[in-house]
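Visitor: Here's a structure for you.
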Amino acid sequence: MILTVTLNPSMDSIYFAETFILGEMNRCSNPIKAVGGKGINAGRTAAILGSDVTVMSVLAGTNGELIRNALEQEAFKSVFIPIPGESRNAVTIMDREKNQTEIVELGPVITVETAQKVLANVIDFSFTQQKRPIIALCGSANTKNERLYQDYLQQLYEQLGAEVKILTDISGQQLKNVLQGTIKPYFIKPNIHEFAELLSLSIVNKQEVIRQLTHPILQDIPFILVSCGGDGAVAKYQGRIFDVTIPAINSINPTGSGDATVGGIAFALDQGLSIEETLRYGMACGMSNALEQAVGYVSVENVEALKNNIVLQEI
Ligand code: ADP
C-alpha cells in the first residue's frame, strides 16, 4: 500500500511550437492538457506497475475541479482535500530545437489550517489500512512555513510509529530543513542540481556526487538517490554506495522522470524487493517516462525490458 501526497497539483498545458521567440506573437497548435503534480505522477507510476495506490491531492477552485475529474478516471484511488483559492496552471512550450520554456504559477498558499487538515487525513487514512502505507510526500509546497515537512515527519513518526517509511521528493530550503530536523525521512531523491543546491556546492558529475555522500547533513538517512538524468544515478543505501549506469535511449520527454523514479522506488519498497532490484525499478521507470510524450507515464513492458540493462557498481 502506497499513499502519495501532493500539496500543489497543477493543470498543465504543453504547447509544441515550431519556434518560440521571446517578445513576439508565437502561434502554435492546441496544447496537450494534463494534470501535473509530483505525487500524482509517482502514484500513477506505482499503480501502473501494480501497487495498491492512493493519491491525496489538495484542490482549489475551477482548476481543482478539472484535476478532480481527471484523477477520478485514473487507475489509483484518490483522496481530495478542498481548500480556498485556485489550483495552479503550468505552461510548457517545447520548440523544434527541444528548448523547453516553462511558466509555473505558485499555486494556493498552504495555510496552517490546510497543513493540519492534510496531516489529519494522512493519519486517518493510515489507521484505516491493514498495514501502514509507504507515504510519499512529493513536491515543495507554497507555504511560509519552511518547517512544514519537518513538522509532518515529526507528527507522522509520533502518531504512526517509527517503522513508517516516509519518502520525500522535495527540494530547496524545505529539503534542507527536513534534513536538519531530528526525524529523518527514509528516502530522498534530489536530482544532481538539487543535490548541489542542498550542499551549496558546484557539483557537475557523478564522481563529485559520490564524494559528497558522506556530507554530515546526509547522515542517518537510510536511502539517498541522487538522480543524474541520462547519466543514471548515484545511490547510498544503509551505508552502501552504488554507481548506477543506464543505457542511452532516444528520450522524447524527460519531464516527470524523477517522479516516475520515485514511483518505481515506492513500488519496489512496497514489494519488499532487494536494493539492487529497487534501484533498477527506479531507473527503468525514469527512462520509461522519458520515452513517452506524456508526463508521468510508464509502460510495464518498457520498464521490464529496460530494467535488465541497468548496471550497478557497488563502490
Ligand atoms: P528529475 O526529473 O527529478 O530532474 P532526473 O532528470 O535525474 O530527475 O531523472 C530521473 C531518472 O530518469 C534518471 O536517473 C534516469 O534514470 C531517467 N532519465 C531522465 N532523463 C533521462 C534521459 N534523457 N535519458 C535516459 N534516462 C533518463
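Here, each number is a calculation from the coordinates, and none is a lab measurement. Computed from a predicted model, the values in this text were never measured in an experiment. In this analysis, Cβ positions are derived from the backbone assuming ideal geometry, glycine residues included, and neighbour counts consider all displayed protein chains.
Visitor: Specify whether the C-alpha gyration tensor of region 191-291 places it in the rounded, prolate or oblate class, a ≥ b ≥ c being the square roots of the eigenvalues: rounded for a/c under 1.5, otherwise prolate if a/b is larger than b/c and oblate if not.
Guide: oblate
Visitor: Size of the dipole of the chain about the Cα centre, Lys and Arg at +1 and Asp and Glu at -1 on the beta carbon, nothing else charged, in debye to 20?
Guide: 360
Visitor: What dipole magnitude, in Debye to the nearest 20, does region 1-123 give about its Cα centre under +1 on Lys/Arg Cβ and -1 on Asp/Glu Cβ?
Guide: Taking the Cα centre of region 1-123 as origin, the dipole is about 220 debye.
Visitor: Just report the Cα centroid separation between region 4-48 and region 207-239, whole Å.
Guide: 29
Visitor: Expressed as a rounded percentage, what relative contact order does the chain have, with Cα pairs under 8 Å and six or more residues apart?
Guide: In percent, rounded to a whole number, it is 17.
Visitor: Over region 202-277, what is the relative contact order in whole percent, taking alpha-carbon pairs under 8 Å and six or more residues apart?
Guide: After rounding, I find 19 percent.
Visitor: Which lysines have a Cα lying under 19 Å from the Cα of K184, excluding residues fewer than 8 positions away in the same chain?
Guide: Output for K184: K165, K176, K236.
Visitor: Sort I170, I32 by Cβ crowding within 10 Å, fewest neighbours at the top.
Guide: I32, I170
Visitor: N309 to S202: FRET efficiency via 1/(1 + (r/R0)^6), r the Cβ-Cβ distance, R0 30 Å, to the nearest 0.05?
Guide: 0.45
Visitor: Compute the Rg/Rh shape ratio of region 165-230: radius of gyration over Kirkwood radius, all on alpha-carbon atoms.
Guide: So for region 165-230, dividing Rg by the Kirkwood Rh gives 0.92.
Visitor: While we're looking at this one, here's another question. Within 10 Å of each residue's Cβ, count the other Cβ atoms and sort M283, M56 from fewest upward. Write out the running numbers ahead of the final one.
Guide: Details: M283 31, M56 24.
Least crowded to most crowded, the residues run M56, M283.
Visitor: Still on this model: Under unit Cβ charges (Lys, Arg +1; Asp, Glu -1), what dipole magnitude, rounded to 20 debye, does region 156-315 have relative to its Cα centre?
Guide: The calculated dipole for region 156-315 is roughly 320 debye.
Visitor: Starting with the fewest neighbours, write out I103, I2, I93, I265 ranked by other beta-carbon atoms found within 10 Å of each beta-carbon.
Guide: I103, I93, I2, I265
Visitor: Indicate the gyration tensor shape class of the chain (rounded, prolate or oblate), computed on the Cα atoms with a ≥ b ≥ c the square roots of the eigenvalues: a/c under 1.5 is rounded; otherwise a/b larger than b/c is prolate and the rest oblate.
Guide: Working: a/c = 1.39, a/b = 1.06, b/c = 1.31.
Here the chain falls in the rounded category.
Visitor: Among I188, Q116, V178, which residue has its Cα positioned farthest towards the positive end of the charge dipole of region 87-193, with +1 placed on the Cβ of Lys and Arg, -1 on the Cβ of Asp and Glu, and the dipole taken about the Cα centre?
Guide: Looking along the dipole axis, the top candidate is I188.
Visitor: Taking K144 as the anchor, which aspartates and glutamates have their alpha carbon closer than 14 Å to its alpha carbon, excluding any fewer than eight residues away along the same chain?
Guide: E113
Visitor: Relative to the present Cα-Cα distance, how much length would full extension add between N26 and E276 at 0.36 nm per residue of separation?
Guide: Difference between extended and current length: 85.3 nm.
Visitor: Take every DSSP beta bridge whose two residues both sit in the chain, then give the antiparallel share in percent to the nearest 5.
Guide: Bridges in the chain that DSSP calls antiparallel: roughly 45 percent.
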